[in-house]
Amino acid sequence: MCVKMKAIVVYYSQTGNTEKVTKEIAGKLDSEGIDVKTVSIERSRKRTYEENVEDAKKEEKAEIEEARTDLSDFDVLFIGTPVWCGKPATPVNAYMDQCEGLDGTKIVSFLTHGGGGPSMTFDKIKDELEPKGGNVVEELSLSSEHVGTEVEKEKIEDIISRLV
């Protein structure tokens, strides 16, 4: 009997770009026959862009609404974030801090940015999740100009084809 792979796609999106990439990833996973769950990280209170940038510089962990953080039922975690000051968004920092049950879980980090690139974002995700037992196996960086384009679709297809 073949066991169906289970994936969870967790993300935070302030402008909608990371959410668009999330939907593309979830759709591709589903089309490959992978059982997929999508979770949006929600802030407990709204912050302005300027406040978010200041918090990101200090690597703050935002207050977030309760979200699924026990990931022991999943084979793969996709975690998505916009890049803020070269780092993950503060709600993603808070989520990663709460994650558990990652032993042996493959992790795919994906991020969106306005053109400044990933900077330290991938390293911060690895530093937070690998000590908890996860294994970052793929990384995807997309500038806002590539969100929703063929470039995005091709990169996502490449990553997923290596996972299945």
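We did not get these values from a lab; they are worked out from the coordinates using the rules stated. This is a predicted model, so every value here is computed, not measured. Neighbour counts are summed over all protein chains in view; Cβ atoms, including those assigned to glycine, are modelled from backbone coordinates with ideal geometry.
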Summing +1 per Lys or Arg and -1 per Asp or Glu among the other residues with Cβ less than 12 Å from Met96's Cβ gives -1
One point scatterer per Cα, no solvent, Debye formula: log10 I(q)/I(0) for the range 86-164 at q = 0.16 Å⁻¹ comes out as -0.64
Summing -39500 (n - 2.57) over every DSSP H run of at least 4 in the chain, dividing by its residue total and rounding to the nearest 500, the 222 nm mean residue ellipticity is -10500 deg cm²/dmol
Answer in debye to the nearest 20: the dipole magnitude of the chain about its Cα centre, from +1 Lys/Arg and -1 Asp/Glu charges placed on Cβ, is 120 debye
Here the relative contact order (percent) of the range 23-79, from C-alpha pairs under 8 Å and at least 6 apart, is 31 percent
Restricting to lysines and to Cα separations under 17 Å from Lys46, and discarding same-chain partners fewer than 8 apart, the set is Lys61
When the charge dipole of the chain is computed with +1 on Lys and Arg Cβ and -1 on Asp and Glu Cβ about the Cα centre, the Cα farthest towards its positive end, among Asn17, Leu71, Gly33, belongs to Asn17
If each K or R counts +1 and each D or E counts -1, the residues other than Lys124 whose Cβ falls under 15 Å of its Cβ total -3
Matching label for the computed log10 I(q)/I(0) by the Debye sum over Cα atoms at q = 0.11, 0.13, 0.14, 0.16 Å⁻¹, out of (i) -0.39, -0.56, -0.65, -0.86; (ii) -0.79, -0.95, -1.01, -1.12; (iii) -0.60, -0.75, -0.83, -0.98, is (i)
Once Lys and Arg are counted +1 and Asp and Glu -1 for all other residues with Cβ under 11 Å from that of Val39, the total becomes -1
Long-range share for the range 71-114, i.e. C-alpha pairs more than 12 Å apart as a percent of all pairs, stands at 62 percent
Once Ser44 and Ser31 are pulled to full extension, the length gained, defined as 0.36 nm per residue separation minus their Cα-Cα distance, is 1.4 nm
Expressed as a whole-number percentage, the relative contact order of the range 9-126 with C-alpha contacts under 8 angstrom and at least six residues apart is 29 percent
